[in-house]
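The values are calculated or read from the model by the stated rules, or taken from the named source; none is laboratory data. Computed from a predicted model, the values in this text were never measured in an experiment. No Cβ is skipped: glycine too gets one built from the backbone with ideal geometry, and neighbour counts run over all protein chains shown.
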Amino acid sequence: MTDTSPAAISFKTAYEIAFSPLGDRAAYIGRRDLTMLDLNSRQPVFAVHPIANPSQIDFSPDGRCLVVKGTSGRTVIIDSATGQLVRDFRNQDEGEGDSALFSDCGRFVGSVSWAGLFTVRNCSTAELVFSRTFEGGQLTKLSTTLDRKWFAFSVGRAPRTPSGTTPGTFVLQRWSPDAETYIEVCKEWPAIWGMQISPSGKWLAVVYGTPPNMLEIYDLANQRTVGSRPWSGGPGCSIAWSTDEQTLAVNRDETFELIEIPTLSTRLEVPAQYPCFVRFSPGDKYLALGSWKKSRIVATDTLVARAAIPPRERGANFPGELHARTRSDAPPGGWRQLPSTAT
């Protein structure tokens, strides 16, 4: 069967994007709404405002649900087919925080907070089944391996001197509902701004420094640095591994960059205004490029072809680029705008 999917789909603000397990849909947060996009028809299926200030999203392993976390820490589960609210954790007392991600079975959600709290909740009942506090720590940058057997997150500590940087370590959390098995690695970085565990759990990519000035690849099995290079970019750093772990995608000042592993050489740069988020789809068919101005979901084979073109001849857009429909041009009887459930 001939693949008729567009080379690139563009839409406006998207500071968080998640692909469904089959890679046929993408959910993104832009401004106040969460929108579900069908990648084959390039049309939104629905747009919802499930909670105030949604900031983090993740598909369940079976693709049926989405976990949505807001800046207040409040976390909800919604149906990925309809956008309807399924479960409200009512967990604002956990405080502001970073990502919430599904377990490998999809029955639980693990979450971290800036107050140093790691929690696990049952998706069906919202019951808190486990929690651990890292005293004096700020937990951020939660990510998982492809099989969701290991979770990784950074632990920021208070500066040791009034003028010092915030020292950061990271924790490897073996997945189980009681979350008893974890390792806090002794390696320390000055101020972690970006961190992502690789799909196999072999490597960790870290951006650190004040201001952010270094990208490092850390070998988790052998506990050593295998590569590093200077970095220039803002503190809003996003990192994505390709499934084969041969490419790292990052956002920098006014550009997205594809970096070869393990050499850390630049393979391709894609200019963008206010870039803020990157993520590969399952199987690496697409790469999501989120921006505060203009976001794209790009076919990776198009990026490979683009890399072979001299920079001066590339142009600003991708061949065959299509614009995702928005509320203003949705066809009659098309996608749904559901009532807001935010409070």
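All conditions but one from (1) touching a Phe, Trp or Tyr at 6+ places or on another chain (Cβ under 8 Å); (2) farther than 15 Å from residue 195 by Cβ; (3) touching a residue at least 40 places away in the same chain (Cβ under 8 Å) apply to residue 95; the one that does not is (3). Summed over segment 32-47, residues that are closer than 19 Å to residue 65 by Cα and not hydrophobic (A, V, I, L, M, F, W, C) total 4.
Rundown of residues vs (1) more than 15 Å from residue 238 (Cα to Cα); (2) in contact with a strand residue (DSSP E or B) (Cβ under 7 Å, 6 or more places away or on another chain); (3) in a strand (DSSP E or B); (4) modelled with pLDDT under 55, yes/no style:
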site: 279; (1), (2), (3), (4): no, yes, yes, no
site: 288; (1), (2), (3), (4): no, yes, yes, no
site: 293; (1), (2), (3), (4): yes, no, no, no
site: 322; (1), (2), (3), (4): yes, yes, yes, yes
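The numbered conditions (1) in contact with a Pro (Cβ under 9 Å, 6 or more places away or on another chain); (2) buried (at least 16 other Cβ atoms within 10 Å of the Cβ); (3) in contact (Cβ under 8 Å) with a residue 40 or more places away in the chain are all true for residue 105 except (2).
In a residue-by-residue description of segment 42-53, the property of being within 14 Å of the chain's Cα centre (by Cα) and under 16 Å from residue 84 (Cα atoms) applies to no position.
Scanning segment 172-208 for residues that are within 17 Å of residue 239 (Cβ to Cβ), assigned to a loop (DSSP other than H, G, I, E, B) and touching a residue at least 40 places away in the same chain (Cβ under 8 Å) yields 198, 199, 200, 201, 202.
If we scan segment 21-40, do we find a residue that is among the charged types (D, E, K, R) and touching a helix residue (DSSP H, G or I) at 6+ places or on another chain (Cβ under 7 Å)? Within segment 21-40 (the criterion being among the charged types (D, E, K, R) and touching a helix residue (DSSP H, G or I) at 6+ places or on another chain (Cβ under 7 Å)), the answer is no, since none of the residues qualifies.
A quick yes/no check of all residues on (1) out of contact with any Asp or Glu (no Cβ under 6 Å at 6 or more places or on another chain); (2) aromatic (Phe, Trp, Tyr); (3) surrounded by fewer than 14 Cβ atoms within 10 Å (Cβ to Cβ); (4) closer than 28 Å to residue 245 by Cα:
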{"site": "116", "(1), (2), (3), (4)": "yes, no, no, no"}
{"site": "122", "(1), (2), (3), (4)": "yes, no, no, no"}
{"site": "143", "(1), (2), (3), (4)": "yes, no, no, yes"}
{"site": "151", "(1), (2), (3), (4)": "yes, yes, no, yes"}
{"site": "155", "(1), (2), (3), (4)": "yes, no, no, yes"}
{"site": "162", "(1), (2), (3), (4)": "yes, no, yes, no"}
{"site": "169", "(1), (2), (3), (4)": "no, no, no, yes"}
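Of the residues that make up segment 271-278, is at least one surrounded by 17 or more Cβ atoms within 10 Å (Cβ to Cβ), touching a helix residue (DSSP H, G or I) at 6+ places or on another chain (Cβ under 8 Å) and not polar (S, T, N, Q)? No: segment 271-278 contains no residue that is surrounded by 17 or more Cβ atoms within 10 Å (Cβ to Cβ), touching a helix residue (DSSP H, G or I) at 6+ places or on another chain (Cβ under 8 Å) and not polar (S, T, N, Q).
Considering only segment 156-182, state which residues are more than 26 Å from residue 280 (Cβ to Cβ) and modelled with pLDDT of 85 or more. Of everything in segment 156-182, those that are more than 26 Å from residue 280 (Cβ to Cβ) and modelled with pLDDT of 85 or more turn out to be 156, 157, 167, 169.
Within segment 82-137, being outside any strand (DSSP E or B), touching a Cys at 6+ places or on another chain (Cβ under 8 Å) and not hydrophobic (A, V, I, L, M, F, W, C) holds for 106, 107.
Among all residues of segment 53-60, there is none that is farther than 13 Å from residue 121 by Cα, of a type in the set (Asp, Glu) and either assigned to a loop (DSSP other than H, G, I, E, B) or at pLDDT below 95 (or both).
Looking across segment 228-246, just one residue is surrounded by 14 or more Cβ atoms within 10 Å (Cβ to Cβ), modelled with pLDDT under 95 and either aromatic (Phe, Trp, Tyr) or outside any loop (DSSP other than H, G, I, E, B) (or both), and that is 231. Filtering 24, 58, 33, 79 for residues that are over 30 Å from residue 149 (Cβ atoms), in contact with a strand residue (DSSP E or B) (Cβ under 9 Å, 6 or more places away or on another chain) and without any contact (Cβ under 8 Å) to a residue 60 or more places away in the chain leaves a single hit, 33. Determine if segment 196-206 includes at least one residue that is aliphatic (A, V, I, L, M) and over 18 Å from the mean Cα position of the chain (by Cα). No, segment 196-206 contains no residue that is aliphatic (A, V, I, L, M) and over 18 Å from the mean Cα position of the chain (by Cα).
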